[in-house]
Structure formats: C-alpha cells, structure tokens
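Asker: To start, I am sharing the structure in question, which I have written as structure tokens.
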Amino acid sequence: MLSRENYTNILYWIAMVGLVVWFAYSKGWILANFESISAKQAYSLMENDNNVTLLDVRTIKEFKSHHIKDAQLIPLGELEKNLGKLANHKNKKILVYCQTGRRSVSASRILENNGFTPLNIEGGLIAMKHVGFEMVK
C-alpha cells in the first residue's frame, strides 16, 4: 500500500511530466507537422525564394505599431475563419511570425492542418529585428 508521502511524490512527478509535455507542445518541439526555422534562415528564404509569403499573426494593434515590410496580417484568433485570404498562397511556403514565436506555433498548426506549408519563425519578431528584416510602421 502506498503511503501518503509516496502518493504525493507520484502526483508531483505526474504534474511535472505534464508540464514539460505542455511546454514542448506549445513551443512546437513535439507533435508538430511543420518546420520551425531561425530568423536568419527566414531572412535568407525571403531574399532568395520568390515562392514565400510572410504572415504576421499578432493583433491589429501590434501590427500597426510596427511590422515586417510586405507582411500580411491575419491575427491568430481570426486565422481559421480567414484561411480563404491565403488561398492564393497554398502552393507557397508561409513564413509565420508573432512577437516571440509562441502564437506562430499555434498558427502553424492551423495552417498545416488546412493543407498549407507553414514555416514557424523561432523567436518571432524579436529575433527577426536582429537579422535585418525591414521594419515599417
């Protein structure tokens, strides 16, 4: 029979494993059918590949304050109902970014589940600023 202390330890470890799995899932490290790339790789793709679309999934307010030149805005909360706006980009790679790279993981999952080819940009806009992406207001 388990003692109260052993039972508590087992519950603690189950909770810890659950937390690690949730974190890895939210970062796109597990159960992701899309690729995550660095901001530097994204910059290179934008420079050398005409078959690429840049998608910003932040809020309208964030987008208006500053965004990457030539990016298309579809906020994450509106992405599923606005997939038609990306219909012309179905055969392109879609570089997906947000502020830090967390919302773009969720957006990449939505896009991948709907037949698109998303490439999640790790580190989001924060990382993109440091590799030369042109910012506009």
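The values are calculated or read from the model by the stated rules, or taken from the named source; none is laboratory data. The shown structure was predicted, so the numbers you read here are calculated from the model rather than taken from an experiment. A quick note on method: Cβ atoms are made from the backbone with ideal geometry, for glycine too, and the neighbour counts reach across all protein chains shown.
Asker: Tell me yes or no: at least one residue of the stretch 37-47 is closer than 25 Å to LYS137 by Cβ, among the aromatic types (Phe, Trp, Tyr) and either in contact (Cβ under 8 Å) with a residue 40 or more places away in the chain or in contact with a Lys or Arg (Cβ under 8 Å, 6 or more places away or on another chain) (or both).
Answerer: Yes, the stretch 37-47 has at least one match.
Asker: Could you figure out which of (1) surrounded by fewer than 19 Cβ atoms within 10 Å (Cβ to Cβ); (2) touching a Gly at 6+ places or on another chain (Cβ under 6 Å) isn't true of SER36?
Answerer: (1)
Asker: Among LEU31, LEU79, LEU45, which is the only one that is within 16 Å of PRO118 (Cβ to Cβ) and at pLDDT 95 or above?
Answerer: Numbers: LEU31 fails: at pLDDT 95 or above; LEU45 fails: at pLDDT 95 or above.
Step by step, each of LEU31, LEU79, LEU45 is checked, and only LEU79 is within 16 Å of PRO118 (Cβ to Cβ) and at pLDDT 95 or above.
Asker: Shifting gears a bit: Applying the selection to the stretch 30-64, what residues are over 13 Å from the mean Cα position of the chain (by Cα), in a strand (DSSP E or B) and closer than 16 Å to GLY124 by Cβ?
Answerer: None - no residue of the stretch 30-64 is over 13 Å from the mean Cα position of the chain (by Cα), in a strand (DSSP E or B) and closer than 16 Å to GLY124 by Cβ, so the list stays empty.
Asker: Output the number of the condition that LEU119 fails; it satisfies all remaining conditions of (1) in a helix (DSSP H, G or I); (2) touching a residue at least 40 places away in the same chain (Cβ under 8 Å).
Answerer: Condition not satisfied by LEU119: (1).
Asker: Report, by residue number, each residue of the stretch 65-114 that is more than 23 Å from ASN48 (Cα to Cα), in contact (Cβ under 8 Å) with a residue 60 or more places away in the chain and not in a helix (DSSP H, G or I).
Answerer: HIS66, ARG102
Asker: For the stretch 106-131, how many residues meet the condition of being surrounded by fewer than 21 Cβ atoms within 10 Å (Cβ to Cβ) and closer than 15 Å to HIS67 by Cβ?
Answerer: Total satisfying the criteria: 3.
A quick yes/no check of all residues on (1) among the aromatic types (Phe, Trp, Tyr); (2) modelled with pLDDT of 90 or more; (3) out of contact with any His (no Cβ under 6 Å at 6 or more places or on another chain):
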| residue | (1), (2), (3) |
| --- | --- |
| ILE74 | no, yes, yes |
| LYS90 | no, no, yes |
| GLN99 | no, yes, yes |
| LEU111 | no, yes, yes |
| GLY115 | no, yes, yes |
| GLU122 | no, yes, yes |
| LYS137 | no, no, no |
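Asker: Same structure again: Can you find a residue that is under 19 Å from LYS40 (Cα atoms), more than 13 Å from the chain's Cα centre (by Cα) and assigned by TED's automatic domain parsing to the domain that holds SER38 anywhere in the stretch 93-103?
Answerer: For the stretch 93-103, residues under 19 Å from LYS40 (Cα atoms), more than 13 Å from the chain's Cα centre (by Cα) and assigned by TED's automatic domain parsing to the domain that holds SER38: present.
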